[in-house]
Amino acid sequence: MDLPLGCWKGIRMVSGHDPLDVLRAAYPDVDATAPTQWLAELGTVVEAMPYHWLYWPPLLETHGAVFVDLNGYGQAELERVVGEAVSRGAPGRSRAAWADFVNGFNYFEIPYLFTRWPGPLGASEEAELALVRLLSEPWESKLHTRYPDRRFQVGVAPPDPSLGVCVEVRQVAPRLEPPAGW
């Protein structure tokens, strides 16, 4: 997978990953130029509603870590799942292991968020990269608004050809501290 985007300071625009270029390639018969024209041609009010969670995802905090809750755990279930992992911990687990655990929850495989793909899947990488670029700004904004004393980075995860394009969120400051019992 050719990913010149291996950066954590946001995603640089790469030729061919412009959302309008992706839309035009996927829907060559649609004659739209303005955002409202694309909305009118491609969707409905009801189809638009789930995108609220995608572009402004729920954020939950437990055990000192922030979790993007795209999977809909909710606070009680997240606390249960994380609490079980903390309580069954082996002595001496590292800070890095805690960060890896948290980061695993904040890692989303774009191909598996959707089941409807117009056109061949082979052309989806460009669309997936464009989507991660579009998600980064609102996710970073919400994280900054809710947690102004922390710094997060949102971006394309390091490439893993078996997973496709993935978006991940990492807390970079202050460093994640493992909870008691970890």
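The values are calculated or read from the model by the stated rules, or taken from the named source; none is laboratory data. Computed from a predicted structure; not experimentally measured. Glycine gets a Cβ as well: all are built from the backbone with ideal geometry, and neighbour counts include every protein chain shown. Heads up: the accessible areas ignore ligands, DNA and RNA and are worked out on the full protein's heavy atoms, side chains in. Shrake-Rupley method; radii C 1.70, N 1.55, O 1.52, S 1.80 Å.
Given points 7 Å out from each Cα along the Cα-Cβ axis, report the residue 149 to residue 56 separation in nanometres with one decimal.
Using points 7 Å along Cα→Cβ, the separation is 2.5 nm.
Divide, for the chain, the radius of gyration over alpha carbons by 2.2 N^0.38 Å, where N is the residue count.
In units of the 2.2 N^0.38 Å rule of thumb, it is 1.14.
When ligands, DNA and RNA are left out and all protein chains stay put, how many square angstrom of accessible area per residue does the chain have with a 1.4 Å probe?
Counting only protein heavy atoms, the per-residue value for the chain is 58 Å².
In whole percent, and with a 1.4 Å probe on the protein chains, what portion of the accessible area of the chain is carbon and sulfur?
Carbon and sulfur: 57 percent of the exposed surface of the chain.
Looking at the square roots a ≥ b ≥ c of the eigenvalues of the Cα gyration tensor of region 122-174, which shape do they give, rounded for a/c under 1.5, prolate if a/b is larger than b/c, or oblate?
Oblate shape, in that a/c is at least 1.5 and b/c is the bigger or equal ratio.
Springs between alpha-carbon pairs under 10 angstrom, Gaussian network model over the chain: which of 88, 170, 151 fluctuates most?
Answer for the Gaussian network model of the chain: 88.
Roughly speaking, what is the stretch gain from residue 47 to residue 109, that is 0.36 nm per residue apart minus the C-alpha to C-alpha distance, in nm to one decimal?
20.2 nm
Give me the Kirkwood hydrodynamic radius of region 76-182, using the inverse of the mean 1/r over all pairs of distinct Cα atoms, in Å to one decimal.
15.7
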